[in-house]
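Have a look at the structure below before the remarks.
Taken together, the values in this text are just the output of simple stated rules run on the coordinates, not laboratory data. Please read these numbers as outputs of a predicted model, since none were measured by experiment. In this analysis, Cβ positions are derived from the backbone assuming ideal geometry, glycine residues included, and neighbour counts consider all displayed protein chains.
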Amino acid sequence: MKILITGVAGFIGTNTALNLLKKKHEIYGLDNFDDFNSIKLKKFRLSKLKKYKNFKFQKINIVSRKLLLKFISSNKIDTIIHLAGQAGVRYSYINPSKYISSNVIGFLNLVLAAKINNIKKILYASSSSVYGNTNKFPLKENQKLNQINIYAVSKMLNEKIAETYSKISNIKFIGLRFFTIYGEYGRPDMFLFKMFKSSSTKKKFYLNNKGNHERDFTYIKDVTLILEKLLTRRTRKNVVLNVCSNNPKNILKITKLFQKQNRLKVKYIKKHKADILKTHGDNTQIKKVSGFKNFSKFNDNLFNIFDWYKKNKIYNL
Ligand SMILES: NC(=O)c1ccc[n+]([C@@H]2O[C@H](COP(=O)([O-])OP(=O)(O)OC[C@H]3O[C@@H](n4cnc5c(N)ncnc54)[C@H](O)[C@@H]3O)[C@@H](O)[C@H]2O)c1
């Protein structure tokens with residue numbers, strides 16, 4: 001299959017591409033090397049993908065509609081996996097307009113280019129953030145949403161754009177509400193890799209809200225297998241699915257578990273206004289629709305991923 005992966009130099013994009021390249025799909029990747037996270041890290045990830053003959057890359061900003069359209073039109077793409085975008089909840093308080101341009105305008109450009117090229121399917125990244133603050137757990141796809149930041153609003157708008165274009169085009173949409181994805185090639189701005197860096201560089205680790213948060217951590221390798229299965233599964237014209245392990249973990253407990261084997265100096269700080277206290281998703285639908293059933297256990301992976309982190313010195317530059 002000829003698959004376009006946007007945001008291919010990012011965390012989820014690289015892992016998704018690696019899995020599909022190994023399965024002999026033709027992967028067309030694009031990324032604009034946004035500087036929200038280290039550009040060196042993005043180039044490092046990309047160097048792993050460039051080893052495959054079935055991989056083609058172009059640097060494109062999805063906000064520029066013409067370039068995007070040209071790339072899609074000239075490569076006869078079958079399916080799009082859309083992972084490009086401005087990630088991170090906290091940064092949406094600092095630079096909200098970037099979320100509207102990359103996440104909303106960028107996604108609309110992609111959908112319009114897909115429509116012109118008669119592309120049949122788009123899988124796209126939404127987020128657990130669309131649920132916002134609630135105490136109704138586990139979170140189900142059909143429950144009321146309550147966004148509390150512009151990041152979440154941008155993802156909700158993606159879902160609305162998909163719903164609309166599923167009615168006025170031939171494109172099938174699968175929206176993926178990712179819940180705290182973790183693993184190899186991970187994001188340096190997220191909890192786990194920040195903790196790894198503090199430990200490796202012997203610097204203080206600042207723990208928001210004294211670690212009194214719960215997150216439904218979901219392993220990246222599970223995510224890549226789910227995405228692979230969704231490429232060929234029959235679905236309705238527009239679906240939105242939680243991508244989560246249905247197994248929330250307390251951040252303080254994880255920190256303490258890590259400290260049993262590794263040196264880590266923790267400084268407790270107050271809650272960040274962008275953070276929600278808990279995420280815990282229901283994964284009945286994703287299991288049913290994708291056929292993927294066996295989610296990895298966080299505690300089984302933690303130390304292996306730290307070993308991987310230590311071998312990849314790029315993270316401490
Ligand atoms: N990692 C998670 O836990 C998580 C959770 C919920 C949702 N998501 C969403 O999943 C998607 C992928 O997340 P990730 O963790 O891999 O993030 P990431 O930041 O590692 O990857 C995103 C990639 O998109 C690229 N990009 C940004 N703006 C672009 C633009 N205008 N044009 C082209 N490329 C652009 C970046 O350079 C980056 O390489 C994002 O939309 C994110 O919001 C991730």
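Under 5 Å between amide hydrogens, built in the peptide plane, is the criterion, and for residue 278 it picks out 214 among residues at least 5 positions away or on other chains. Got a sec? Charge dipole of the chain, +1 on Cβ for Lys and Arg, -1 for Asp and Glu; which of 132, 303, 57 is way out at the positive end? Value: 303. Each of 303, 11 was scored by other Cβ atoms within 10 Å of its Cβ. Listed from fewest to most, they are 303, 11. Compared with the dominant principal axis of the Cα atoms in the chain, helix 150-168 is inclined by about 30°.
In nm, to one decimal, how far is the residue 209 label point from the residue 253 one, both placed 7 Å along Cα→Cβ? In this crude spin-label approximation the distance works out to 1.6 nm.
Less than 5 angstrom separates the built amide H of residue 243 from those of 177, 178, 179, all sequence-distant by 5 or more or on a different chain. Of the two radii for the stretch 255-303, the radius of gyration is 1.11 times the Kirkwood radius, both from the alpha carbons; that is the Rg over Rh value. Within the chain, all pairs of alpha-carbon atoms sorted by distance into 10 Å bins from zero give the percentages 6, 27, 38, 23, 6, 0. Couplings for the stretch 64-80, taken from phi via the Karplus curve 6.51 cos²θ - 1.76 cosθ + 1.60 with θ = phi - 60°, read 8, 4, 4, 4, 4, 4, 4, 4, 5, 5, 7, 10, 6, 6, 8, 9, 10 Hz in order; Gly and Pro are left as x. Per-residue Karplus couplings for the stretch 9-18, computed as 6.51 cos²θ - 1.76 cosθ + 1.60 with θ equal to phi - 60°, are listed in order as 8, x, 4, 6, x, 4, 4, 5, 5, 4 Hz, Gly and Pro entered as x. Measuring r between the beta carbons of residue 59 and residue 304 and using R0 = 25 Å, the FRET efficiency lands at 0.15.
Decide, for the stretch 59-107, between rounded, prolate and oblate: order the square roots of the alpha carbon gyration tensor eigenvalues as a ≥ b ≥ c, take rounded if a/c falls under 1.5, and otherwise choose prolate if a/b is larger than b/c, else oblate. It would help to have the intermediate numbers written out before the result.
Details: a/c = 3.66, a/b = 2.23, b/c = 1.64.
It comes out prolate by the Cα gyration axes.
When only the Cβ of Lys, Arg, Asp and Glu is charged (+1, +1, -1, -1), the dipole of the stretch 10-124 relative to its Cα centre reaches about 480 debye.
Name the shape class, rounded, prolate or oblate, that the alpha-carbon gyration tensor gives for the stretch 26-150, where a ≥ b ≥ c are the square roots of its eigenvalues, rounded holds for a/c under 1.5, and otherwise prolate holds if a/b is larger than b/c and oblate otherwise. Before the final figure, lay out each step's value.
On the way: a/c = 1.85, a/b = 1.50, b/c = 1.24.
It comes out prolate by the Cα gyration axes.
If you run the Gaussian network model on the chain, springs between alpha carbon atoms under 10 Å, then out of 271, 221, 136 the most flexible one is 136. Along the axis of the charge dipole computed for the chain (Cβ charges of +1 for Lys and Arg, -1 for Asp and Glu, origin at the Cα centre), the listed residues 107, 241, 212 are led at the positive end by 212. Straight-line cross-link reach from residue 310 at under 15 Å between alpha-carbon atoms covers these aspartates and glutamates, not counting any fewer than eight positions away in the same chain: 184. Backbone geometry of the stretch 244-251 corresponds, through the Karplus equation with coefficients 6.51, -1.76 and 1.60 at θ = phi - 60°, to 3J(HN,Hα) couplings of 8, 8, 6, 8, x, 10, 7, 5 Hz, x marking Gly and Pro. Residues whose amide H falls under 5 Å from that of residue 266, counting only those 5 or more places apart or on a different chain, are 205, with hydrogens built in the peptide plane.
Given 250, 175, 196, which one lies farthest toward the positive end of the charge dipole of the chain, if we put +1 on the Cβ of every Lys and Arg and -1 on the Cβ of every Asp and Glu? The residue sitting most towards the positive pole is 196.
Residues 34, 275, ranked from the fewest to the most other C-beta atoms within 10 Å, line up as 275, 34. Each pair of Cα atoms in the stretch 114-204 enters the Kirkwood radius, and Stokes-Einstein at 37 °C and 0.692 mPa s then converts it into a translational diffusion coefficient of 210 µm²/s.
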